[in-house]
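**Student:** Here it is, the structure in full.
Derivation of every value follows stated rules applied to the coordinates shown; laboratory data play no part. Only a predicted model underlies this, so the values are computations on that prediction, with no experimental measurement involved. Using ideal geometry, Cβ is built from the backbone for each residue, glycine included, and neighbour counts are taken over all protein chains shown.
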Amino acid sequence: MLVALTGIGLSTAAGLNAYIPFLVVALLARFTDVVVLPSGLTWMESWWAIGIGTVLLVADVVLDKVPVVDSVNDAIQTAIRPLSGGIVFAATSAAADLESSTWVQENAWVPFVAGVVLAAIVHAGKATVRPAVNATTFGVGAPVVSTIEDGTSFGLSLAAVFVPLLVLALLVALVVVLVTFRRRRRAATRGPDAS
C-alpha cells in the first residue's frame, strides 16, 4: 500500500509540475539509499538527466508565472507531465521488492500507466483552472497560483517519498481546491442572474 501511495503522490505532483518529482526522485536516488531505481530507470540519477531536468524546471517555473504564456506552457506540458508521472511511479514501484509484491514485479507496465493517468487527470484540472484564474484576476493570479502549484508539487513529492500516508490528506486538499475553483468558474460564467 505504501508503494502505491508513493507512486500516487509523485504522479499527482507531476501533473502540477513534471520536473519537481522527477528531480526529487533522481536526486534521492543519486545521493541517498532512500530511493533505489530499477535497472531500466537508473539513467534518472545520471548528471545529464539531473542537469536537463534542472534547466527544464527553471524554464517551467518562469514560464508558468506569466499570464497567457502559462496556457501555452500547459499545452506543451500535456504530453510531458503524464510521461513524467508514469516514470516516477514506475521508478518508485521498485520498492515493491521491499514489500514482496510479485504482482507489481510481473506487471511492471501497470505502475507506469497508472502514473500517466493520474498525472494526466491532475494536469487537465490545472490546465482548465488556470485560464479562469487569469481571466478573473486579470493575470495577477497567475504567479500566485503557479507558486502554490510548485510548492504543492514539491511538498507532495517529499511526502510521497518520506511519509506516504500523508499523501491521502494532501490529495483530499488538492481535490477540494480544484472543485472550489471549478464551481467558482461555473458561477462566474453563468452570471448573477442565473440560479
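**Student:** Which of rounded, prolate or oblate describes segment 141-195 when judged by the alpha-carbon gyration tensor and an a/c cut-off of 1.5?
**Tutor:** Since a/c reaches 1.5 but b/c is at least a/b, the shape of segment 141-195 is classed as oblate.
**Student:** Okay, moving on. What ranking, highest mean first, results for peptides 128-138, 10-20, 145-155 when packing means the other Cβ atoms within 10 Å averaged over each residue?
**Tutor:** Top to bottom by mean Cβ count within 10 Å: 10-20, 145-155, 128-138.
**Student:** Over the Cα atoms of segment 1-75, Rg to Rh with Kirkwood Rh, two decimal places?
**Tutor:** 1.03
**Student:** Further, regarding this structure: Given a Förster radius of 45 Å and the C-beta distance between residue 108 and residue 137 as r, what FRET efficiency does 1/(1 + (r/R0)^6) yield to the nearest 0.05?
**Tutor:** Working: r = 44 Å, r/R0 = 0.97.
It comes out at approximately 0.55.
**Student:** Measuring from label point to label point, each 7 Å out along Cα→Cβ, what is the residue 124 to residue 46 span in nm?
**Tutor:** Between residue 124 and residue 46, the simple spin-label model gives 3.4 nm.
**Student:** Sticking with this one: Let me know the volume per residue of the alpha-carbon convex hull for the chain, in Å³.
**Tutor:** Per residue, the Cα convex hull of the chain comes to 112 Å³.
**Student:** Let me ask something else. How many times 2.2 N^0.38 Å is the alpha carbon radius of gyration of segment 106-156?
**Tutor:** Normalised Cα radius of gyration, segment 106-156: 1.49.
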